Structures are given as C-alpha cells and as structure tokens.
Amino acid sequence: MAKAKIREYRIPLMRKEKVFYAINGLFLTLFFITTLYPLLCLISSAISEPTAVYTGRVTFYPVGFSLRGFEINLQNINLLNGFKNSVIYTVLGTALIVSVTMVTAFALSRRELIGRSALSFFFAFTMWFSGGLIPFFLLVRDLGMYNTIWAVIIPGVVNVWYIIVCRTYINSTISEEMFEAASIDGCGYFRFLWQMVLPLSTPVIAVLTLWAAIGHWNSYFNAMIFLQNKAMRPLQLFLRDYLIASNVVDMSNVDFTTESMGLQELVKNSMILLSVLPLWILYPFIQKYFVSGIMVGAVKG
C-alpha cells in the first residue's frame, strides 16, 4: 500500500513581513554583538599577559596567556571570604524570597481572602513611596539587625513585583475548578499549595530564583551601610572597594613599571570575571523556564 504523501503548504510572507523580519534580525544581531564584545574583552583581559593588558593591545582575543591574576585572587583570604559570604547571602536570601513570594501570591490569588483588595493596594503602595534611607537605617538598627547577616537578607524578602508576577501566573495557570475538586476531597489550602500549586509553578519559580539570585549576588549597598564587620562583607562590596581604591596588588616592593601596572589590571579583570562566573553557570539550568515564566506576567494583569 502506497504511503500517502502529505504536502506541506507554507503561507508566503508578505513584503512588509520580510522587511520587518530583516530589520528585526539585523537589530538582534547588533544587540548580540554589543553584548558579546565586552564579555570577550573581559575574558581576554583576564588571561592575557600583564604588559599587553596595560598597553591596550588586548581586544576581543587574548595576547599571550597568563593565569597570574587568578592565582593572586585565589590566594587572597579577603576575596575568598567575600565569595563565601556572597554564596551564603544569595542562597539564604533567594530561598526566603521565593518562599515568601509564593505564599503571599497564592494568598492574594484567592478570591475568598478577606481584604484582598486592601492588601494588594498596601503592597503596591510600597512600590511608589518609601520612607527614605535614614528611616530605613534607623528601623534596621532598632530591630537589632545592624551588623548581622539579616540586615542584608530581611529587607529584600518582600518584593512586590515578584508577587504580582507570581500571582498572575497562579491565576492564569491554576483553575478554580481544580481547587474546588481538591477541596471536595478534603484538601486544605496548605496542602493544595504544596501538592498542586508549587509543582505546576516550576517556570515562574525558576524565574524568581534567577531574579532573586542575581539581585543578591550583585547587591552591595545594604552591606556597605549595615555591615561594620569586614569579615561579613560580600564579594561585590569587596570588589567595589578594590576598584575604587585602584590598589589591588601590594606594590610596596615592586617597581612602578609597565609589568606591575599590567599585573594590577590583570588582577582586576580576573576578579570581575570570578564574580560573574556563578551567574553564568546558574543561568543555563533554568533558561528553558525563563521565557514561559516571564511572559505570563508580561501579557496578563
């Protein structure tokens, strides 16, 4: 029996559509190049010879090869301690943000919640108005969180934008009929959240995890204000101080030469590269959830 041949019919693109796709492709290509070029320059400047870095001969490909910058950074106790602190703050802070966001968003998504409109307005109000830096500092100090890790973690636990995105995802994904069917079988709110909402909210949880992790990993302002103990400072604050001071390497016993200045630049570039590597490693694991999770909050209110 002869196999039936299925013809594929393709709708030809109109001229205006072809022009649009061509312009869009050109724009995305230029955007990709402008994004990739600084990253290539950073990587090349971190593994090139010190003299080549300082004299400006390094562009998007390395000149020579040297890992001296990484060796110096990995021997720096303060840098390693800051890296450890950043990992602790990021993991703990991200876990708290995702947990509080999911619970709050689920509660605000329930129509039977008493005062839901007032609570939503209360959360949204904080997006437009704040008490200012001085009241914020006084509040953290009076709560006993000054010079503790909680001064870095607790103030950012509630993020209204995350709650809005998560609530929108729950409203558009978890149907009311599903909750009614589960409640008939004796399922309560906490069990429904744990066994139904969370497993079905993997895309938005992945997006929240990425957002929260990036925010905590790159944050230094709260640590700069509230952490007096230098041993508790995160990596980004350590990196900021070094970049401002422009004195990464101890040059007291080294002649002021092109080699020494190149080594200083090499250490800076390798330090920056080390600070962004964890995010580069994290992103591919949750990239597949990113688009599906973020688009829900973008097209529905």
Inset, instruction - Starting from residues that are open to solvent by 30 Å² or more (accessible area, probe 1.4 Å) and not in a loop (DSSP other than H, G, I, E, B), keep the ones in region 141-155 and report whichever is farthest from residue 86 (Cα to Cα). - result: 142
Legend entry - Odd one out for residue 62 among (1) surrounded by 12 or more Cβ atoms within 10 Å (Cβ to Cβ); (2) outside any loop (DSSP other than H, G, I, E, B); (3) not hydrophobic (A, V, I, L, M, F, W, C): (2)
Legend entry - Scan of region 65-83 for residues that are under 17 Å from residue 263 (Cα atoms) and open to solvent by 40 Å² or more (accessible area, probe 1.4 Å), ordered by number: 65, 67, 68, 71, 72, 74, 75
Inset, instruction - Considering each residue of region 156-174, count those that are under 18 Å from residue 191 (Cα atoms) and either in contact with an Asp or Glu (Cβ under 9 Å, 6 or more places away or on another chain) or open to solvent by less than 50 Å² (accessible area, probe 1.4 Å) (or both), and give that number. - result: 2
Legend entry - Among the candidates 213, 151, 124, 182, residue that is closer than 30 Å to residue 279 by Cα and touching a Phe, Trp or Tyr at 6+ places or on another chain (Cβ under 7 Å): 151
Inset, instruction - Identify the residue in region 229-265 that is modelled with pLDDT of 80 or more and among the hydrophobic types (A, V, I, L, M, F, W, C) and, among all such residues, is nearest to the chain's Cα centre (by Cα). - result: 235
Inset, instruction - Out of 12, 38, report the one residue that is in a helix (DSSP H, G or I), loosely packed, with under 11 Cβ neighbours inside 10 Å and modelled with pLDDT under 85. - result: 38
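The values are calculated or read from the model by the stated rules, or taken from the named source; none is laboratory data. None of these values were measured; they are calculated from a predicted model. No Cβ is skipped: glycine too gets one built from the backbone with ideal geometry, and neighbour counts run over all protein chains shown. These area figures cover heavy atoms from the full protein model, side chains too; ligands, DNA and RNA do not enter into them. Shrake-Rupley method; radii C 1.70, N 1.55, O 1.52, S 1.80 Å.
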